[in-house]
Amino acid sequence: MARSLVDDSTMIGSLRMIELQLVGFIMVFSASGLVSLFDLIFPAFASTYLLLLSLFAFPTSSSSSAVAVEINGSLLRLNAMLGTTVGLLLPLAYVLGGFAKGDEHAVRLATPHLFLLSVQILTEKIIAGVSTFSPPVRVMVPILYTVRRIFVVLDWVVHVLCVDGKKPLISADYAFKDVAWVWFGKSLAVSNMAYLSLNLFGILIPRQLPAAFRRYFFVEKDEKNE
């Protein structure tokens with residue numbers, strides 16, 4: 001029993017540490033001036049919309065509050081790992097590398113995506129710990145933020161492929177590491193666009209959203225029958 005309490009306290013401490021790190025990221029990105037006003041106010045709009053959904057469209061009940069949208073299967077676990085690597089770790093390394101190289105253009109392109117992802121993860125963690133939100137509302141969090149991030153990453157892709165792509169990469173002024181850096185940015189933008197599109201249209205909408213509705217209405221039907 002004592003060991004269980006220690007494990008629980010350790011897990012809670014780890015979650016709080018992650019949340020504090022996310023809050024730190026959000027504050028830094030917000031104060032950097034690299035995130036547009038629309039992206040800064042988007043979390044407020046999304047949170048308000050989710051709250052309205054939970055109050056009027058999909059209110060929770062005593063049973064449905066404990067029902068979560070589970071992620072089962074090796075495919076979905078792989079999807080989560082891929083999303084963390086492609087969407088968070090590599091872009092964060094790209095931004096830090098941009099600061100180190102003095103590449104403000106690269107930092108400006110990748111920062112809005114990281115800001116929205118940090119807010120999304122923090123929102124998911126907060127909502128997961130609150131019984132007020134039903135499964136359909138919870139699954140709407142990644143859907144809303146993924147849709148917005150697709151447009152942000154699309155702008156990133158357009159810049160690195162169409163605008164920056166017109167600049168010659170082979171010249172006497174470019175070293176191999178500079179060429180590698182440019183192609184790292186291009187591949188990272190395209191990879192994020194591909195991942196977000198597949199995640200939205202291949203997993204969130206066709207799998208997670210219907211599963212959330214089934215769990216919600218199944219519990220609601222059982223309660224009415226009782």
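Brief remarks follow.
- Residue in the stretch 94-131 that is surrounded by the fewest Cβ atoms within 10 Å (Cβ to Cβ), counting only those that are touching a residue at least 12 places away in the same chain (Cβ under 8 Å) and not in a helix (DSSP H, G or I): SER131
- Within the stretch 208-226, residues that are modelled with pLDDT under 80 sit with their Cβ atoms under 7 Å from residues that are among the hydroxyl-bearing types (Ser, Thr, Tyr) and surrounded by 12 or more Cβ atoms within 10 Å (Cβ to Cβ), at 6+ positions apart or across chains, in these pairs: VAL219/SER61; VAL219/SER63; VAL219/SER64; GLU220/SER61; GLU220/SER64; GLU223/SER61; GLU223/SER63.
- Of the numbered criteria (1) within 25 Å of PRO135 (Cα to Cα); (2) surrounded by fewer than 18 Cβ atoms within 10 Å (Cβ to Cβ); (3) at pLDDT 95 or above; (4) in contact with a Leu (Cβ under 8 Å, 6 or more places away or on another chain), the one ILE41 fails is (4).
- Within the stretch 58-81, the set of residues being modelled with pLDDT of 75 or more and of a type in the set (A, V, I, L, M) comprises LEU75, LEU76, LEU78, ALA80, MET81.
- Test for ASN192: is it within 20 Å of LEU34 (Cα to Cα), in contact with a Gly (Cβ under 7 Å, 6 or more places away or on another chain), at pLDDT 95 or above and polar (S, T, N, Q): yes
- Every pair of residues 6+ apart whose Cβ atoms lie under 7 Å, when the first sits in the stretch 26-53 and is in contact (Cβ under 8 Å) with a residue 24 or more places away in the chain while the second is surrounded by 13 or more Cβ atoms within 10 Å (Cβ to Cβ) and of a type in the set (Lys, Arg): LEU34/ARG108; PHE42/ARG148
- Yes/no for GLY33 being part of a helix (DSSP H, G or I) and modelled with pLDDT under 95: no
The values are calculated or read from the model by the stated rules, or taken from the named source; none is laboratory data. Keep in mind that what you see is a predicted model, and the values were worked out from it rather than measured. With ideal geometry, Cβ positions are generated from the backbone for all residues, glycine too; neighbour counts draw on all protein chains shown.
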